[in-house]
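Below is one structure, written out as structure tokens, with a few remarks after it.
The values are calculated or read from the model by the stated rules, or taken from the named source; none is laboratory data. Just so it is clear, the structure is predicted and the values come from calculations on it, not from any experiment. Glycine gets a Cβ as well: all are built from the backbone with ideal geometry, and neighbour counts include every protein chain shown.
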Amino acid sequence: MHEMALAEGMLQIVEDAARDNAAARVSAIWLEIGTLAQVERAALRFCFDAVSRGGVADGARLEIIDVSGAAWCMPCGERVALVAFGEACPRCGSYQLQVVSGTEMRIREIAVE
Ligand SMILES: [Zn+2]
């Protein structure tokens, strides 16, 4: 389960940001996760709750924002939606796709008190 490692990485960023802002508590975190990223949302929430316990981000609300997958289709010469890896271009059916969005996971915003 790599969600534990992701949660620990997230907590590190959140704690650093809280320290930089001299915040006593982190109340909410907005996290962007690509729909193509191999991240189990429920597992990530569970892991983050576990690693943040007792710290500055204990009890913080975790808002997950889905970033839709997109790819560049060579034959179409344009950006197309991609629901999952291995799917064909929804326009022309080609598999000559280069994923351009949807695999990332990043913290967009943190609310502190
Ligand atoms: Zn295409």
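Annotation: R45 fulfils all but one of (1) surrounded by fewer than 19 Cβ atoms within 10 Å (Cβ to Cβ); (2) assigned to a loop (DSSP other than H, G, I, E, B); (3) touching a strand residue (DSSP E or B) at 6+ places or on another chain (Cβ under 8 Å); the unmet one is (2). Residue-level check: of (1) hydrophobic (A, V, I, L, M, F, W, C); (2) away from the ligand (no atom under 16 Å from the Cβ); (3) touching a residue at least 60 places away in the same chain (Cβ under 8 Å), V56 misses just (3). Of all the numbered requirements in (1) more than 21 Å from the chain's Cα centre (by Cα); (2) farther than 18 Å from D16 by Cα, T103 misses one, and that requirement is (1). Cβ-Cβ contacts under 9 Å between residues 6 or more apart (or on different chains), taken from a first residue in region 62-88 that is under 14 Å from T103 (Cα atoms) and within 14 Å of the ligand (Cβ to nearest atom) to a second residue that is among the charged types (D, E, K, R) and in a loop (DSSP other than H, G, I, E, B), are listed as A71/E87. Restrict the check to region 52-68 and report whether at least one residue is closer than 21 Å to A22 by Cα and either touching a Gly at 6+ places or on another chain (Cβ under 7 Å) or of a type in the set (S, T, N, Q) (or both). Yes, some residue in region 52-68 is closer than 21 Å to A22 by Cα and either touching a Gly at 6+ places or on another chain (Cβ under 7 Å) or of a type in the set (S, T, N, Q) (or both). Out of curiosity, is L31 at pLDDT 95 or above, surrounded by 14 or more Cβ atoms within 10 Å (Cβ to Cβ) and not in a helix (DSSP H, G or I)? The answer is yes for L31.
Would you confirm whether any residue within region 45-58 is modelled with pLDDT under 95 and out of contact with any helix residue (DSSP H, G or I) (no Cβ under 8 Å at 6 or more places or on another chain)? Scanning region 45-58 turns up no residue that is modelled with pLDDT under 95 and out of contact with any helix residue (DSSP H, G or I) (no Cβ under 8 Å at 6 or more places or on another chain).
Restricting attention to region 89-113, the residues that are part of a strand (DSSP E or B), more than 16 Å from the ligand (Cβ to nearest atom) and out of contact with any Lys or Arg (no Cβ under 9 Å at 6 or more places or on another chain) add up to 6.
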